[in-house]
Amino acid sequence: MTNSLDAGTCASIAAELGFELDAADAARYAALASATLQSIGLLELLPLPGPWPDPERTSWHRPSTAENPLGAWHVRGELRTRSEGALAGRTVALKDNVLLAGAPLANGSTILGDYRPREDATIITRMLAAGATIVGKTVCEAYCFSAGSHTSASGVVRNPHDPERSAGGSSTGCAVVVATGEADMAIGCDQGGSIRLPAAFCGIVGLKPTWGLVPYTGILGMNFTVDHAGPMTRNVADNALLLEIIAGPDGQDPRQHGARVGEYRAALGEPLE
């Protein structure tokens, strides 16, 4: 594709469309069009993403009521790509707005049907590289837009300590499966309390990280200025561990400009002063 347009060509195109341009206007439009074409040319030079993960690398199933008495799981399965690393032997659940190649993505709604993404979110890549075993995706509130546990298309998610009470939201299922021990850790997302509220309702540790610390690449968002992804665990030490794995710029999320990553596990023993 050409990356420039001369005034004569611009005038000819205008004439074909029923417009008449004088020489000065044709030159101005040609300059504007050429700048746009040059930008498109640069874009076309960028490498395409990939290679894509194998979508058949594991199978995912929707659990029965017997397997899922609290309604917390969207799909279950088991995915591990290596057996060594800081998360080796740890099981991780995902809020169902996080892209995992080959796994159904609902975001608490029916609008996506049986959509299955073909790529992983950045944080998935990092956790798998650290030896994590992903054991499923958990139910979230419809479009992640509720602090309760009752708006998901799949139905009510019940509190593990009292099934008659709310489990909080919108990272509802994450909090439940961590509290019950069905997963060691989970990835939640928080815009206005969606990690912190269900963590509090279910008695676990949920952290909303500093904005931009954890890449949101490959996660369905709500608003650029308030989207956060963070760890949900049964104790603070595990929370610090998971945060170390997922934090840091990925070169794709513009929220992350200037993000500074710390040694969070080492900091646990430090005084507050």
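Computed from point charges on the beta carbon alone (+1 for Lys and Arg, -1 for Asp and Glu), the dipole magnitude for the range 73-264 about its Cα centre is near 40 Debye.
How large is the Kirkwood hydrodynamic radius of the range 1-78, counting all unique pairs of alpha carbons, in Å?
Values: mean 1/r = 0.0569 Å⁻¹.
Here the Kirkwood hydrodynamic radius works out to 17.6 Å.
Note that the range 88-132 shows a convex hull volume over its alpha carbon atoms of 66 Å³ per residue. Rounded to the nearest 20, the size of the Cβ-charge dipole of the range 57-149 about its Cα centre is 200 debye, with Lys and Arg at +1 and Asp and Glu at -1. Couplings 3J(HN,Hα) for the range 21-33, derived from phi with the Karplus relation 6.51 cos²θ - 1.76 cosθ + 1.60 (θ = phi - 60°), are 10, 7, 4, 5, 5, 4, 5, 5, 5, 4, 5, 5, 5 Hz, where x marks Gly and Pro.
Eigenvalues of the Cα gyration tensor times 5, then square-rooted: what semi-axes does that give for the range 146-273, in whole angstrom, largest first?
Numbers: eigenvalues 129, 70, 23 Å².
Each semi-axis is the square root of five times an eigenvalue, giving 25, 19, 11 Å.
Taking Rh as the Kirkwood radius computed over C-alpha pairs, what is the Stokes-Einstein D of the range 210-255 at 20 °C in a medium of viscosity 1.002 mPa s, expressed in µm² per second? D = 189 µm²/s.
Order 186-193, 150-157, 266-273, 32-39 from most to least packed using the mean count of other Cβ atoms within 10 Å. Walk me through the intermediate numbers first.
Numbers: 186-193: 24.4, 150-157: 19.4, 266-273: 6.9, 32-39: 13.4.
Those peptides, ordered most packed to least, come out 186-193, 150-157, 32-39, 266-273.
Structural descriptor for the range 73-264: relative contact order 20 percent, calculated from alpha carbon pairs under 8 angstrom and at least 6 residues apart. Restrict the search to the range 196-273; then list the chymotrypsin sites (Phe, Trp or Tyr not before Pro) that DSSP places in a loop and that have at most 16 other Cβ atoms within 10 Å of their Cβ. Answer in residue order: W211, F224. Multiplying the residue separation of H257 and A237 by 0.36 nm and removing their Cα-Cα distance gives an extension gain of 4.5 nm.
From its DSSP helices (H runs of at least four residues, each -39,500 (n - 2.57)), the chain gives a residue-normalised ellipticity at 222 nm of -8000 deg cm²/dmol.
Placing unit charges on the Cβ atoms of the charged side chains and taking the dipole of the chain about its Cα centre, the candidate lying farthest along the positive direction among G113, L94, G168 is G168. You can think of it this way: the chain between S12 and A66 has 12.4 nm of extra reach, that is 0.36 nm per residue less the Cα-Cα gap.
I'd like to compare 168-176, 73-81: which one has the highest average count of other Cβ atoms within 10 Å, and what's the full order after that? Don't jump to the answer; show the numbers that get you there.
Numbers: 168-176: 33.7, 73-81: 19.7.
In descending order of packing, they fall as 168-176, 73-81.
With the convex hull drawn over the C-alpha atoms of the chain, the volume per residue is 179 Å³.
Once the C-beta distance of T225 and L272 is scaled by a Förster radius of 25 Å, the resulting FRET efficiency is 0.30 to the nearest 0.05. Looking at the chain, the DSSP beta bridges with both ends there are about 65 percent antiparallel. Summary of packing: across the peptides 239-252, 105-118, 18-31, the per-residue average of other C-beta atoms within 10 Å ranks them, highest first, as 239-252, 105-118, 18-31.
FYI, it's all coordinate maths here, none of it is from the lab. These numbers come from a predicted model, not from an experiment. Note: ideal-geometry Cβ built from the backbone for every residue, glycine included; neighbour counts use all protein chains shown.
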